[in-house]
Each structure stands twice: as structure tokens, then as C-alpha cells.
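*Asks:* Following this message is one structure expressed as C-alpha cells.
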Amino acid sequence: MSFSGLELAAVEFEQGEWDLNVSLKLPRGTLNGLIGSSGAGKSTLLSLIAGFQTVHSGIIKFNDETITRLPPSKRPISILFQEHNLFSHLTAFQNVLLGINPSLKVTDTTEQEVYSALDQVGLKSKEHRNPKNLSGGERQRVAIARTLVMKRPVLLLDEPFTALGPALRAEMLNLVKDLSLEKGLTLLMVSHTPEDLVGFAENSAFMDQGRIIYFKPTRELLDGKNLPEITRYLKFEENQQ
């Protein structure tokens, strides 16, 4: 039976004595969260989906097309990290342009696309600034704009806003949510702040020791009723704050 969205079927990866084995389906156009203790395998899972690490066995598909062996540049996936990965010697405009043309060649079309993306994230007036002359939130906005111009239907976020304060983090989450829904993106976001997922992600997965233990509506998952692993995890996270 065909499936519209991102699908992982028995994806396996081994690193020493640690291993990951995940099956997961994210319907097209949905916003999803991923939580779990440090070392559970969340970032590794995103790297496997994006193609930065190689799956040992299993299949990754998007809209029923297998992408397991495609290089990162050929996958319908963009990824946003906590470290925004901007080039300090380039302007905001040039950093966004990299998402379209790594050679930084500008045409009328690419110029319009970059300005449009910067406008969507509220930075059109700061296109000539270097990252050092932008705030932390503005640098993340540039990184978001770069993912927009790549026009890839899957967006992975690996704790991109952890270093930001609560108010700015909420602002960034709302921006990403609005843009993702507007463009129909399939999104998976890793978060160490579970409450950020409430009102953001329709469904969320809980990962432990390289396995997806639960995948449920976010509020139901974080409620933790009859889910002892979730209860322990939430208590641990609360004690760390």
C-alpha cells in the first residue's frame, strides 16, 4: 500500500556495542516531535534520514520513493541544527543563496527567491549584514530562510533553538510552524524541552536506547499516563532545569 510522507522501515545502524533500529511513518505535511534522554539516538536518527550517516540495513522512503542510498544533496530533505552553520565571511543574503547555488552565482530569479525568503523570516532589511552583526535569533532566521530556498519537502530540526531564551524560542517555533504549514512541509524536530512541542507538533515520538518506544499525539505522550518510561524521562528533565 502506498504511503504519502516520510517512512522508515526497519532502519538499522550500529556503532560499537550500541545499535539503532527504527520503523516510523510521518504523514506528508505533518509536524512531529522527537524526545528522549541524551544518548537515545535522536541526532543519529536525523543524520541517517538526511544521509550524513549510512544506514546498515532497512529502507527510507519519501512518498514511496526509496532514498536510502541517495547522497544528502539528492534527498528531499533539509536540516536545521542548533549551530546555524552560517559562514561568517558571507552576508545574510549570500548565506541564504548557498541553499540555491553553492557557487553564489546570482540571477534575477535567485535574487528574487533569496529576498522573498529573507522577507518571510523578517530580515529583508538586513541582507547585507554578516552573522557577527546579527543576533542569535536573527542568525537562526537566516538559517531558516536558507532551508526555505532549498524547496525540499522534508525539514529536520535538531534542537535548533535550545540556546535561545524562552520568549525568543517561542517566537522561532511559531515562525517555523507557520512556514511549515504554509508550505506543506513534513517536519521532525528533536527537542530537549518537551513543553515546546505542545501546540507545535501534532504527534511526537519517544526514543530510548536506539528504539522508538512510543509515537502518539503530543499531549497524550507528555501526559505520561501508564507510560513509565515517559514519567521517568520527564522527571529527569525537570530535575535538570
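*Asks:* Shape verdict for segment 88-151, please, from the Cα gyration tensor: rounded (a/c under 1.5), prolate (a/b greater than b/c) or oblate. Show your work: numbers first, answer last.
*Replies:* On the way: a/c = 1.69, a/b = 1.38, b/c = 1.22.
Prolate, since a/c reaches 1.5 and a/b exceeds b/c.
*Asks:* Using +1 at the Cβ of each Lys and Arg and -1 at the Cβ of each Asp and Glu in the chain, identify which of 88, 48, 231 lies farthest towards the dipole's positive end.
*Replies:* Result: 88.
*Asks:* Under the definition of Cα pairs under 8 Å and six or more residues apart, what whole-number percent is the relative contact order of the chain? Working shown, then result.
*Replies:* On the way: 430 pairs, mean separation 65.7, N = 241.
27 percent.
*Asks:* Between (i) 19.7; (ii) 17.0; (iii) 13.9, which matches mean projected area of the Cα convex hull in nm² calculated for the structure shown?
*Replies:* It is the one labelled (iii).
*Asks:* Along the Cα→Cβ direction, 7 angstrom out, place labels at residue 101 and residue 28. What is the inter-label distance in nm?
*Replies:* 3.0
*Asks:* Can you give the % of DSSP beta bridges in the chain that are antiparallel, to the nearest 5? Could the numbers behind the result be given before it?
*Replies:* On the way: 22 of 40 bridges.
Rounded to the nearest five, the antiparallel share is 55 percent.
*Asks:* Using a cut-off of 30 Å between alpha-carbon atoms, which lysines can reach residue 105, once sequence neighbours fewer than 8 places away in the same chain are excluded?
*Replies:* Straight-distance partners of residue 105: 74, 124, 126, 132, 151, 183.
*Asks:* Here is a further query. Choose one answer from 209, 53, 15: the residue with the largest mean-square fluctuation in a GNM of the chain with alpha-carbon springs under 10 Å.
*Replies:* 15
*Asks:* Calculate for the chain the 222 nm mean residue ellipticity that helices alone would give, adding -39,500 (n - 2.57) per DSSP H run of length 4 or more and normalising by residue count, nearest 500 deg cm²/dmol. Please list the in-between numbers first.
*Replies:* On the way: 7 runs with 80 residues, N = 241.
-10000 deg cm²/dmol, from helical runs alone.
*Asks:* Still on this structure, please answer the following. Please label the shape of segment 122-241 as rounded, prolate or oblate, based on the square roots a ≥ b ≥ c of the eigenvalues of the alpha-carbon gyration tensor (a/c under 1.5 means rounded; beyond that, a/b larger than b/c means prolate, else oblate). Walk me through the numbers before you get to the answer.
*Replies:* Numbers: a/c = 2.60, a/b = 1.78, b/c = 1.46.
Cα axes put segment 122-241 in the prolate bin.
*Asks:* Ok, one more. Work out the length of the dipole vector of the chain about its Cα centre, built from +1 on the beta-carbon of each Lys and Arg and -1 on the beta-carbon of each Asp and Glu, and round it to the nearest 20 debye. If you can, show how the numbers build up before the last one.
*Replies:* Numbers: 26 positive and 28 negative charges, 94 e Å.
Here the size comes out at about 460 debye.
*Asks:* Could you tell me whether segment 161-216 comes out rounded, prolate or oblate from its Cα gyration tensor? Rule is a ≥ b ≥ c as square roots of the eigenvalues, rounded for a/c under 1.5, then prolate if a/b exceeds b/c, otherwise oblate. Could you put the intermediate results ahead of the total?
*Replies:* Details: a/c = 2.40, a/b = 1.34, b/c = 1.79.
Verdict is oblate for segment 161-216.
*Asks:* Taking 0.36 nm per residue of separation and subtracting the Cα-Cα distance, what length does fully extending residue 162 through residue 10 add?
*Replies:* Working: separation 152, 0.36 × 152 = 54.72 nm, distance 2.99 nm.
Roughly 51.7 nm would be gained on extension.
Throughout, read-outs are computed from the coordinates displayed, never taken from laboratory work. Not measured: the values here are computed from a predicted model. Neighbour counts are summed over all protein chains in view; Cβ atoms, including those assigned to glycine, are modelled from backbone coordinates with ideal geometry.
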